[in-house]
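The values are calculated or read from the model by the stated rules, or taken from the named source; none is laboratory data. This is a predicted model, so every value here is computed, not measured. All Cβ positions, even for glycine, are placed from backbone atoms using ideal geometry, and neighbour counts span all protein chains on display.
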């Protein structure tokens, strides 16, 4: 069974909504990295990461989100987080990531961030 | 009458793809026992980070080796012993304070141990007489049940 699924769609303004479902761990971290960076490499600096169906993300995955956010910011964009599950949100809090990332609970609000 | 603790022994081969099996196993046991989802997730995160670290640390030394676990879930304590036969590796010695985010971005490393130490209440290491590494992780379950 596929333990990580990443799909993307674009809104009319070119903002990418990247839906990450399942588990991001050491066995599939490169794929998560490639999926996220493929958009940044193509010049998209405005990304909403939809975590509604995210079950687990390890520290490397969180580090990749951080790096993506930094790269996006250099291009006047941002990486924002949508619907982070409560259990993962607690770990974000422990590491202070909730102070770094903008967190949203509706897609409409997340898109307004740009 | 509800059980007052759960004991579980299991082994993991040095294959990163087995991490999902490990997380699933711990989650099932912990949830069945009645631990809160937040606590379970944090414990799973710590275990996953440690195991990924062990497996990636020096895979050549692993050969066909296994990492052995002894898990005890009590009403107020989650205790996990991790025993491996790999070369000396003491993650408790690594200096970790607040995450150095610039370094995390540059090296793509350094967040895992910070996270473990923030989540786990007690984290100890010893070298076994047989030449293995024994890690003991303890997390006290507060405001639970």
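Figures for the structure shown
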{"item": "Index of the failed condition, residue B:95 passing every other in (1) surrounded by 14 or more Cβ atoms within 10 Å (Cβ to Cβ); (2) modelled with pLDDT under 85; (3) under 20 Å from residue B:119 (Cα atoms); (4) away from chain A (no Cβ under 11 Å)", "result": "(1)"}
{"item": "Those helices (runs of 4 or more DSSP H) lying entirely in chain A with at least 1 residues touching a residue at least 60 places away in the same chain (Cβ under 8 Å) and within 13 Å of the chain's Cα centre (by Cα)", "result": "A:107-112"}
{"item": "Single unsatisfied condition, residue B:80 versus (1) surrounded by 14 or more Cβ atoms within 10 Å (Cβ to Cβ); (2) within 12 Å of chain A (Cβ to nearest Cβ); (3) modelled with pLDDT of 85 or more", "result": "(2)"}
{"item": "Within the range A:47-70, considering residues that are within 11 Å of chain B (Cβ to nearest Cβ) and within 21 Å of residue B:24 (Cα to Cα), the one surrounded by the most Cβ atoms within 10 Å (Cβ to Cβ)", "result": "A:59"}
